[in-house]
There are 2 protein chains.
Amino acid sequence: MTPTARTIHHIAREQRHLAWDNSIEPVLRIASGETVTIDAVEASGGQLGPDSTIDDMARLDFAACDPVQGPIYVQDAQPGDTLQIEMLDLEMADWGWTAIIPGFGLLADEFAEPALKIWKLQDGFAEFVPGIRLPLEPFCGEIGVAPAETGAFSTIPPGPNGGNIDTKHLTKGATIYLPVLAPGALFSIGDGHAAQGDGEVCGTAIETPMRITLRLTVRKDLHVPELQYCTAGPLTPRTNIAPYYATTGHGPDLMEAARNAVRNMIEYLERTYGLSRANAYMLCSVAADLKINEIVDAPNWIVGAYMPTSIFTGMGRS
Amino acid sequence: MTPTARTIHHIAREQRHLAWDNSIEPVLRIASGETVTIDAVEASGGQLGPDSTIDDMARLDFAACDPVQGPIYVQDAQPGDTLQIEMLDLEMADWGWTAIIPGFGLLADEFAEPALKIWKLQDGFAEFVPGIRLPLEPFCGEIGVAPAETGAFSTIPPGPNGGNIDTKHLTKGATIYLPVLAPGALFSIGDGHAAQGDGEVCGTAIETPMRITLRLTVRKDLHVPELQYCTAGPLTPRTNIAPYYATTGHGPDLMEAARNAVRNMIEYLERTYGLSRANAYMLCSVAADLKINEIVDAPNWIVGAYMPTSIFTGMGRS
């Protein structure tokens, strides 16, 4: 077989798996430099749909969440190489969901009740409530290769193989580098997100089915210790068009500082925009970005939560 | 005295102090809504200048660093109120410095030797080495009020009173909110930075003398638990004009993940641009932004270090 770089392969949404495991049989074998289109189910693996209600949340099987489509065996990829992934296209469905899943998320101890928001994705935007509208900047939460170690590893935590990296800046046009850890790399992808804040604080983004087109290339000349990437262009170009309101948390522990920054943002959103506490938490997850502003002025660090004011299209700020 | 909002006061660079202490006598008393221009010495308090060399670093007295100009007593400001600080203007000097100070910084254990870079600040830019040029986006590292507690507290760590917040997004036009903790607020400011990455990872930014003009207003109608702010507009508009190269660190500890992200960026800069390890570390401090990409996929979080490629004006990337 001597495929050209123009060869286009396809993976269907049914060709998926629920663990990172280097013994899973590839669903596709390609040469380095080839292009693949992948239809990816959203993070619930089909348990939720555009008509789902909060009752469906109660039945959600978390163990069936975050499936990935693949794996793809890339010829000549060997441990020590780098797999280059070019995100050529990302096509969202016309709906998505965001949820508070009990026991999951940065403030899981404070949000015991489930919540569900079904979104309509239209013309590049999604309305949260009247007067709050998010521009969509789609990417995939799960991007990974098979681990070096034998065995089945959950797709929930990210690792040296990438996986559930939930990194919002990997939009169309980004070039991603992952270390090859097993022969053939065994690349898989999924968990489409239409929009997300850095941190994904409630645990979910705007989760949506996604059609992904990407090119996989083995780089023998490059070594990366873990995930690296070059973004498509300036960061969040559709959101970073107006001031941001920022809340902060400070202290000797970055995790607690992040929790305080988000708590303070939730309180700000409740007070300023009249959102319920659950809605404020979900809005942080899909729109607010966590930054480490300083990490050197011992013993106290500062984490900021940044909410783009550009999403508030029809509500006054006090 | 019935000053108008147009009254302009002045504080000289000599009117400074080296501790947050609510017993320090104010150098100025103003009414709420008044404007003040402050000449601030840079972070070394005059120990370094445009002609300093690495030998001057050996003599640097760290205990004399990070002085703040003030304090300003704002009439009617009482504990429980909020002090609103509008950054009306920030005027840099024509020089700045960045240093690796032994024992200080995110990777202090790996950088035992001091280093010093003296910058020329001109036409809104500063050259690091030929082919690397940073746009200047000036702000102040130290912005604070006196603490509630009696006693003298170091100006190095930030706290509930603000202080050494080293937050790069507080540029001209930002509106900052701090809780009033002592009668009169006792506001002080200093530590001019011409440019800095989120994190300030080596411990110093482009440190520069700064002339600051700001308006202080007591907000009885507002309560903030700690620092909050609204930025002047879109974030880093002069830097976010091209792709970013990002390195990451993942794991169950955000601090170690941040350290790994920066280590990986240093290695990338050495390999790609031929920078020395010390120069790569300093460039991260003045230009790379730390973001928490995900903080929910237990047990592993991801921190990214983002280097704007827009600063590389004349060097090829491999």
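The values are calculated or read from the model by the stated rules, or taken from the named source; none is laboratory data. Quantities reported herein were computed from a predicted structural model and do not represent experimental measurements. Positions of Cβ are backbone-derived with ideal geometry, glycine not excepted, and every protein chain shown enters the neighbour counts. Ligands, DNA and RNA are stripped out before the accessible areas are found, and what is left, the full protein with its side chains, is counted by its heavy atoms. Shrake-Rupley method; radii C 1.70, N 1.55, O 1.52, S 1.80 Å.
Quick look at the numbers
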{"read-out": "Contacts under 7 angstrom Cβ, first residue in the stretch B:203-224 being without any contact (Cβ under 8 Å) to a residue 12 or more places away in the chain and within 28 Å of B:E127 (Cβ to Cβ), partner open to solvent by 10 Å² or more (accessible area, probe 1.4 Å) and assigned to a loop (DSSP other than H, G, I, E, B), 6 or more apart", "value": "none"}
{"read-out": "The one condition in (1) surrounded by fewer than 20 Cβ atoms within 10 Å (Cβ to Cβ); (2) outside the structural domain of A:A43 (by TED's automatic domain parsing); (3) over 24 Å from the mean Cα position of the chain (by Cα) that A:G251 fails to fulfil", "value": "(1)"}
{"read-out": "Residue among A:D81, A:D123, A:D89 that is within 21 Å of A:A194 (Cβ to Cβ), out of contact with any Leu (no Cβ under 7 Å at 6 or more places or on another chain), touching a residue at least 40 places away in the same chain (Cβ under 8 Å) and among the charged types (D, E, K, R)", "value": "A:D89"}
{"read-out": "Out of A:D221, A:D191, A:D198, sole residue that is at pLDDT 95 or above, at positive phi and of a type outside the set (V, I, T)", "value": "A:D191"}
{"read-out": "Residue check for B:L48: open to solvent by less than 20 Å² (accessible area, probe 1.4 Å) and not in a loop (DSSP other than H, G, I, E, B)", "value": "no"}
{"read-out": "Condition met for B:Y177 (aromatic (F, W, Y), under 25 Å from A:Y244 (Cβ atoms) and at the interface with chain A (Cβ under 7 Å from one of its Cβ atoms))", "value": "no"}
{"read-out": "Matching entry among B:P114, B:P71 (being more than 17 Å from the chain's Cα centre (by Cα) and either farther than 30 Å from B:L275 by Cβ or loosely packed, with under 13 Cβ neighbours inside 10 Å (or both))", "value": "B:P71"}
{"read-out": "Strands (runs of 3 or more DSSP E) contained in the stretch A:85-167 and holding at least 1 residues within 22 Å of A:A182 (Cα to Cα) and at pLDDT 95 or above", "value": "A:139-144, A:162-164"}
{"read-out": "Of all residues making up the stretch B:212-264, the number that are in a helix (DSSP H, G or I), over 20 Å from B:V286 (Cβ atoms) and touching a helix residue (DSSP H, G or I) at 6+ places or on another chain (Cβ under 7 Å)", "value": "2"}
{"read-out": "Those residues of the stretch A:61-84 which are outside any strand (DSSP E or B) and of a type in the set (A, V, I, L, M, F, W, C), in sequence order", "value": "A:F62, A:A63, A:A64, A:C65, A:A77"}
{"read-out": "Lone unmet requirement of (1) surrounded by fewer than 23 Cβ atoms within 10 Å (Cβ to Cβ); (2) modelled with pLDDT of 95 or more for A:A43", "value": "(1)"}
{"read-out": "Candidates B:A148, B:A182, B:A194, filtered to the one that is away from chain A (no Cβ under 12 Å) and either in contact with a helix residue (DSSP H, G or I) (Cβ under 7 Å, 6 or more places away or on another chain) or under 16 Å from A:E294 (Cα atoms) (or both)", "value": "B:A194"}
{"read-out": "Leading residue by the ranking (most open to solvent (accessible area, probe 1.4 Å)) among those in the stretch A:168-184 that are of a type in the set (V, I, T) and touching a Leu at 6+ places or on another chain (Cβ under 8 Å)", "value": "A:T171"}
{"read-out": "Looking only at the stretch A:288-307, and only at residues there that are in a loop (DSSP other than H, G, I, E, B) and within 7 Å of chain B (Cβ to nearest Cβ), the one that is nearest to B:N164 (Cα to Cα)", "value": "A:D297"}
{"read-out": "Filtered residues of the stretch A:199-211 (kept if in contact with a helix residue (DSSP H, G or I) (Cβ under 9 Å, 6 or more places away or on another chain) and either over 30 Å from A:F111 (Cα atoms) or charged (D, E, K, R) (or both))", "value": "A:E200"}
{"read-out": "Which numbered condition A:N279 fails, given (1) at the interface with another protein chain (Cβ under 10 Å from one of its Cβ atoms); (2) open to solvent by 20 Å² or more (accessible area, probe 1.4 Å); (3) part of a helix (DSSP H, G or I)", "value": "(1)"}
{"read-out": "Selection from the stretch A:238-255 of residues that are within 7 Å of chain B (Cβ to nearest Cβ) and either at positive phi or modelled with pLDDT under 95 (or both)", "value": "none"}
{"read-out": "Selection from the stretch A:197-237 of residues that are surrounded by fewer than 24 Cβ atoms within 10 Å (Cβ to Cβ), within 16 Å of the chain's Cα centre (by Cα) and away from chain B (no Cβ under 14 Å)", "value": "A:P209, A:R211"}
{"read-out": "Checking B:G314 against (1) of a type outside the set (D, E); (2) touching a Lys or Arg at 6+ places or on another chain (Cβ under 9 Å); (3) modelled with pLDDT of 95 or more; (4) part of a loop (DSSP other than H, G, I, E, B), the condition it does not meet", "value": "(3)"}
{"read-out": "Criterion: touching a Cys at 6+ places or on another chain (Cβ under 8 Å), more than 8 Å from every other protein chain (Cβ to nearest Cβ) and hydroxyl-bearing (S, T, Y) - qualifying residue of A:S310, A:S285", "value": "A:S285"}
{"read-out": "Selected residue (criterion: nearest to A:D221 (Cα to Cα)) from residues of the stretch A:148-167 that are among the β-branched types (V, I, T) and open to solvent by 10 Å² or more (accessible area, probe 1.4 Å)", "value": "A:T150"}
{"read-out": "Members of the stretch B:256-270 found to be more than 9 Å from chain A (Cβ to nearest Cβ) and surrounded by fewer than 20 Cβ atoms within 10 Å (Cβ to Cβ), listed by number", "value": "B:E256, B:E270"}
